[in-house]
């Protein structure tokens, strides 16, 4: 039994040494700004000990440096939420979590993280400064959102007014077109009536011509009758 315990302790000691070695190697890469290599070593250290606080915290830092903010959040949250850790360690994790939210423009979440950090370490002036900055950025964000909302409402109103104007103009154009069409139809009807009237009526000049022609025809007829009567008179016999 004693031998087994000694073997287990020795194995745990080897794993712990390997974990610390990987973390030290990761720290060296981190100092050299080789954040991808640092991330790889921190991940390997967590394979040796998934509950390693330095492994999680430093992995979060290496991810943050690579702008992998969403993934970094998970490791900072894991450390910050571990109440078995010292307050200073948790405060640092909350501080970095606030920085991560700040990069993502999640200002409300950032403010909450900084406040939690200050609860654990009220003397941290860096966190206090970042909190004030996050609050200022949140106010600007809200002002911008309000401005965008007002601009959208104004734009919507302008669009509605323009649509109404277009509809009114379209209606007016239709009415004007209909009125013009009605006038054209009335004019055409009047022209047709005038043409028909002119067709049925004759001018004074034409009437005189017709009358003159009739008079001429009547005179010709009378002359013919006179001639016929004269001829008839010549052939009458006297008894």
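Read-outs throughout are calculated quantities, based only on the coordinates presented, and are distinct from any laboratory measurement. Worth saying up front: this structure is predicted, and the values here are computed from it rather than measured. Note: ideal-geometry Cβ built from the backbone for every residue, glycine included; neighbour counts use all protein chains shown.
Only counting other Cβ atoms within 10 Å, I'd like 125, 37 sorted with the fewest neighbours first.
Ordered by Cβ neighbours within 10 Å, fewest first: 125, 37.
At q = 0.26 Å⁻¹, what is the base-10 log of I(q)/I(0) for the stretch 11-66 according to the Debye formula with one equal point scatterer per Cα and no solvent? Please give it to two decimals.
-0.91
Using the Cα gyration tensor of the stretch 70-119, with a ≥ b ≥ c the square roots of its eigenvalues, what is the shape: rounded (a/c below 1.5), prolate (a/b larger than b/c) or oblate (neither)?
It comes out oblate by the Cα gyration axes.
How would 29, 95 line up from fewest to most surrounding beta-carbon atoms within 10 angstrom?
Ordered from fewest to most neighbouring Cβ atoms within 10 Å, 29, 95 come out as 29, 95.
Rank these for me by crowding, 110, 179, going from fewest to most other beta carbons within 10 Å.
Taking fewest neighbouring Cβ atoms as first place, the list is 179, 110.
Which FRET efficiency value, to the nearest 0.05, do you get for residue 88 and residue 144 by plugging their Cβ-Cβ distance into 1/(1 + (r/R0)^6) with R0 = 30 Å?
The formula returns an efficiency of 0.25 here.
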